[in-house]
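First up is the structure itself, then whatever we jot down about it.
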């Protein structure tokens with residue numbers, strides 16, 4: 001069994017650097033997909049209330065026979081629930097059939113409402129009550145992070161942002177580093193948009209791996225936490241098999257040079273749910 005490296009968060013909790021995401025997987029298919037991921041060796045599962053598949057994640061976890069302490073479960077607070085974070089987390093826990101998650105994130109800042117600041121203070125209470133081991137944010141821009149940190153309480157442990165070779169998202173990643181916040185990448189493969197790039201395919205040929213494996217390895221070497229998603233068992237396995245090679249500095253730099261503000265999702269400054 002491959003030992004997955006971990007990233008130590010700013011509160012001492014360790015998160016596996018490679019996890020499995022379930023975005024856009026129907027709940028009816030989620031138990032089977034997560035079961036395959038767990039059997040492959042993944043131990044970190046990333047879901048969200050708005051995905052509608054927390055129940056499937058919970059069923060897979062319960063049926064896995066794995067110790068709860070060996071798993072890292074993340075879920076997220078949706079925009080419409082920013083004013084009721086306590087009830088929202090309890091509902092997520094019920095669907096997951098868990099007493100505690102390992103990481104609870106505010107899914108989007110939704111800056112038009114400004115409700116994320118009050119929600120953050122509720123998340124601090126939920127962490128102190130033991131309902132989540134760590135708290136963080138997702139899709140927060142530097143100005144959103146600054147406002148949360150200025151509250152003077154808990155600094156987010158994670159900021160999960162869109163990040164891939166076509167969108168290095170430097171300002172957010174640098175703000176994360178400045179505040180001691182781990183960067184977690186969603187859409188790590190840019191929905192396939194970078195897999196045909198010569199910088200990626202040349203590295204894949206050199207190492208005898210797939211372009212997707214090259215991009216995931218690129219994330220790991222940058223220190224990002226990464227959560228690829230697939231429902232195809234062979235791809236779930238291939239996405240996990242990224243620890244047997246190392247990209248050269250020149251290969252990493254060539255992939256870095258693909259940055260072109262190639263965002264695949266909404267812009268956090270304008271998305272309000």
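One residue stands out in the range 236-262 among those that are in contact (Cβ under 8 Å) with a residue 60 or more places away in the chain and out of contact with any helix residue (DSSP H, G or I) (no Cβ under 9 Å at 6 or more places or on another chain): the one that is nearest to residue 161 (Cα to Cα), namely 261. Residues that are buried (at least 18 other Cβ atoms within 10 Å of the Cβ), more than 17 Å from the chain's Cα centre (by Cα), part of a loop (DSSP other than H, G, I, E, B) and on the phi > 0 side of the Ramachandran plot: does the range 7-29 have at least one? Within the range 7-29, none of the residues are buried (at least 18 other Cβ atoms within 10 Å of the Cβ), more than 17 Å from the chain's Cα centre (by Cα), part of a loop (DSSP other than H, G, I, E, B) and on the phi > 0 side of the Ramachandran plot. Residues of the range 130-147 that are farther than 23 Å from residue 183 by Cβ and either in a helix (DSSP H, G or I) or out of contact with any helix residue (DSSP H, G or I) (no Cβ under 9 Å at 6 or more places or on another chain) (or both): 130 alone.
Being within 30 Å of residue 143 (Cα to Cα), in a helix (DSSP H, G or I) and without any contact (Cβ under 8 Å) to a residue 40 or more places away in the chain is the requirement here; does residue 69 meet it?
Values: within 30 Å of residue 143 (Cα to Cα): no; in a helix (DSSP H, G or I): yes; without any contact (Cβ under 8 Å) to a residue 40 or more places away in the chain: yes.
When the stated conditions are applied, residue 69 does not pass them.
Note on the range 208-244: residues that are within 16 Å of the chain's Cα centre (by Cα) and assigned to a loop (DSSP other than H, G, I, E, B) total 6. Could you list all residues from the range 85-105 that are assigned to a helix (DSSP H, G or I) and exposed (fewer than 14 other Cβ atoms within 10 Å of the Cβ)? Hits for the range 85-105 are 87, 90, 94.
Remark: pairs (first residue in the range 33-51, outside any helix (DSSP H, G or I); second residue at pLDDT below 95; Cβ separation under 8 Å; 6+ apart in sequence or on different chains) = 41/1; 41/2. Does residue 145 satisfy the condition of being without any contact (Cβ under 8 Å) to a residue 60 or more places away in the chain, touching a strand residue (DSSP E or B) at 6+ places or on another chain (Cβ under 7 Å) and either surrounded by 23 or more Cβ atoms within 10 Å (Cβ to Cβ) or farther than 30 Å from residue 67 by Cβ (or both)? Yes: the conditions hold for residue 145. For the range 45-84, the set of residues classified as under 14 Å from residue 19 (Cβ atoms) and out of contact with any strand residue (DSSP E or B) (no Cβ under 9 Å at 6 or more places or on another chain) consists of 70 only.
The values are calculated or read from the model by the stated rules, or taken from the named source; none is laboratory data. Owing to the predicted nature of the structure, the values given are computational and were not obtained by experimental measurement. Heads up, the Cβs are rebuilt from the backbone with ideal geometry, glycines too, and the neighbour counts pull from every protein chain shown.
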